[in-house]
Amino acid sequence: MVAVDAATLEARRRTGSDRVETTLAALFEARPPAAPPLEAAMRHGLLMGGKRLRPLLVYLAGEALGADDEALDAPAAAVELIHAYSLIHDDLPAMDDDDLRRGHPTVHRAFDPATAILAGDALQALAFEVMARTRHPRLGALIQTLAGAAGRDGMVAGQALDMAAVGYAADATALETMHAHKTGALIEAAVRLGGLVAVDEDDPRLAALATYARAIGLAFQVHDDVLDVTGDSATLGKTSGADAARHKPTYPGLLGLDGARQKARRLAEDAVTALAPLGERGAPLAGLARYIIERDH
């Protein structure tokens with residue numbers, strides 16, 4: 001597999017980010033808002049920056065199996081809407097009580113907790129509205145993928161496990177289970193959504209993408225744990241050292257910094273290996289796996 005250089009990957013990341021930003025912004029321009037303060041809070045939580053990693057995974061996975069970007073715009077936007085809603089709710093006083101997100105005040109700080117809850121609710125509903133509009137022939141599978149990743153067997157379950165683990169020591173199995181749900185589930189869904197736009201559910205390449213996605217989902221979280229120790233708030237766009245301050249179990253706490261870095265590297269290598277059935281079309285996804293463990297925010 002020919003490696004994708006950093007400049008090429010960054011250019012593709014910007015293209016994907018621009019596409020999804022355009023799609024997301026258009027959602028607020030189609031009609032006048034029924035509740036302007038709610039709309040402002042939704043915009044604040046959704047359109048104030050971010051890596052847009054999950055939409056990029058939708059685009060790269062879909063393109064690897066032959067889909068065009070236009071067909072991928074809706075699922076890319078939907079997965080980012082779910083991600084934005086989850087961050088708004090995670091930051092709430094009843095959850096992580098964070099003050100900073102993406103370099104800006106969190107939604108409950110910029111507005112108030114009640115408005116933040118409603119903004120998250122509205123963004124989640126909007127994600128499924130966006131998907132339903134596509135009338136894709138595999139729409140049922142697409143919606144099931146997104147709903148499963150977001151709900152009681154996915155991201156929400158992971159948040160519940162995360163909250164229950166505060167103040168307790170977690171072994172490797174418990175920590176991996178928690179992060180596979182909280183972070184990994186939506187990353188896996190992003191990859192599967194892109195693949196499903198292109199091919200039927202029984203296409204064997206979806207299994208390769210699933211293996212890739214599980215590895216990068218965990219690698220992303222391991223590296224996030226490392227950055228929480230080594231990064232600074234200005235670069236991260238959120239409060240550094242927050243996990244330690246809240247007595248949350250983390251990979252550096254379990255394995256040490258060097259051990260956590262090594263685990264992230266192994267996971268990235270596993271992800272790249274899983275892409276072999278895709279041939280050269282998997283090269284951008286391989287490049288992204290490496291980016292995930294090398295990023296500084």
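What follows draws every value from the coordinates through simple rules; no lab data is involved. It should be emphasised that the depicted structure is a prediction, and the values quoted were computed from it without experimental measurement. When we count neighbours, we look across all protein chains shown, and the Cβ atoms used for this are built from the backbone with ideal geometry, even at glycine.
Quick notes
- Summed side-chain charge close to residue 277 - residues other than residue 277 whose Cβ falls under 12 Å, Lys, Arg +1, Asp, Glu -1: 0
- Placing unit charges on each Cβ (+1 for Lys and Arg, -1 for Asp and Glu) gives region 6-292 a dipole about its Cα centre, and among 79, 291, 9 the Cα reaching farthest toward its positive end belongs to 9.
- Gyration tensor verdict on the chain (Cα atoms; rounded if a/c is under 1.5, prolate if a/b is larger than b/c, oblate otherwise): oblate
- Based on the Kirkwood approach, the hydrodynamic radius assigned to region 114-180 is 14.0 Å, with every pair of different Cα atoms included.
- Cβ charges +1 (Lys, Arg) and -1 (Asp, Glu), total dipole of region 6-292, debye: 280
- Legend: ranking of residues 162, 171, 98, 202 from fewest to most surrounding C-beta atoms inside 10 Å; resulting order 202, 171, 98, 162.
- Cα centre as origin, Lys/Arg/Asp/Glu Cβ charges: region 182-271 dipole, Debye: 320
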